[in-house]
1. Plugging the Kirkwood radius over Cα pairs into Stokes-Einstein for segment 1-75, at a temperature of 10 °C and a viscosity of 1.306 mPa s, what D comes out in µm²/s?
2. Which trypsin sites (Lys or Arg not before Pro) does segment 15-123 hold that lie in a coil by DSSP with at most 12 other beta carbons within 10 Å?
3. Using a Gaussian network model on the chain with a 10 Å cutoff between Cα atoms, which of Leu205, Leu128, Leu109 fluctuates the most?
4. Going by a ≥ b ≥ c, the root eigenvalues of the Cα gyration tensor, does segment 7-156 fall in the rounded group (a/c under 1.5), the prolate group (a/b larger than b/c) or the oblate group?
5. Quick check on segment 8-51: take the gyration tensor over C-alpha atoms, sort the square-rooted eigenvalues as a ≥ b ≥ c, and tell me if it's rounded (a/c under 1.5), prolate or oblate.
6. For Lys14, list the lysines whose Cα falls under 25 Å from its own Cα; do not include residues on the same chain fewer than 8 positions away.
7. Taking every pair of alpha-carbon atoms in the chain, give the share separated by more than 33 Å as a whole percent.
8. Using a ≥ b ≥ c from the Cα gyration tensor of segment 91-130 (square roots of the eigenvalues), is it rounded, prolate or oblate, where a/c under 1.5 gives rounded and otherwise the larger of a/b and b/c decides, a/b for prolate?
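The values are calculated or read from the model by the stated rules, or taken from the named source; none is laboratory data. Treat the numbers as computed from the prediction; the structure is a model and nothing was measured. In this analysis, Cβ positions are derived from the backbone assuming ideal geometry, glycine residues included, and neighbour counts consider all displayed protein chains. In case anyone asks, the SASA skips ligands and DNA or RNA and just uses the protein heavy atoms, side chains included. Shrake-Rupley method; radii C 1.70, N 1.55, O 1.52, S 1.80 Å.
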Amino acid sequence: MTVNGDFSTINLGKADFGSIYVQPDPRAYFRTLGALDYVIPHLARPIFDQLIDSRQRAKGGEPITILDLGCSYGVNAALMRYALSYDQLAERYAALAAQPLDPDEVLALDRQYFAAWPKRRDVRIIGLDVSREAISYAMGCGILDKGIVADLEQDDVPPAAAEILSKVDLIVSTGCVGYISSKTFEKLAICTSKDDAPWVASFVLRMFDYADIARTLERQGLVTEKFEGATFVQRRFRDEAEMQATLTAVTERGLDPFGKESEGLFHAELFFSRPESEALASPINQMVSIASGINRNYGARPMMAPKAIKAGRARRPVAAAAS
């Protein structure tokens, strides 16, 4: 259970992939998560594009600064900045992993690769992560404009980062909530603009309660909406133990895992925070359109429905797509 925004107990049931985030290049990241059909950056990308356009209109058409929380190797930044798909990146690193290349050679190839793509000139992207290796790589490739290495759950904002964060217009995340809590958002609030607080878009696994973070953002003058009518697949469970732990956590939150986590997939919800006047003028479900789901064929995964959903229910097919 979550207590005062502490997700540590719930995280005990999740697979630990910490080692893939501290490698000198992203090959292990894509190899490990690719084997589990990690797909949330793909689903988030069109939504982030729409939010970027809306934020720019609200700013009078000016370029905006985006902060990606838990950015790792800059995957979200690459998708927001270049005309690339997540599948293209995954296939690229699968090919690179098959070559006898050292990390410096991979970095040199990536630097040339991203430089060859036209990039959006109307966004400036900052990445924040606890992994020095991941930040260094994303900066070295030119994906990030600035990188901040910090653990705001434990430490204060580094003095050198305060000025950078003061310019942020939009904060995004696709999986770090659960590893970060309201503590991080409280520390970011000290740096970000008081007159024009950044919008916040968070994809949050359903096992984690976002309420404490929403209350923190409310103190900054932001109201939080949940996108209704859709959840967003993150990846397959690694094994039955991870699945059972997640089913328990979701059920304890009073949510029904049937047709979602019971199908062997992590599902996330989208929460969006901004000033109340803007939310009233254009609710998130009117502001963001989801045209289609991914219709992806997932690999073998555990299908161990919890006892709470077995009784009196006939099994029925469910789409793997988010919408």
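1. 103
2. Qualifying residues, ordered by number: Arg121.
3. Of the options given, Leu109 has the highest mean-square fluctuation.
4. Verdict is oblate for segment 7-156.
5. Oblate is the answer for segment 8-51, as a/c is 1.5 or above yet b/c matches or exceeds a/b.
6. Cα-Cα hits under 25 Å: Lys183, Lys226, Lys260, Lys307, Lys310.
7. Looking at the chain, the distances longer than 33 Å represent 23 percent of pairs.
8. In terms of gyration-tensor shape, prolate.
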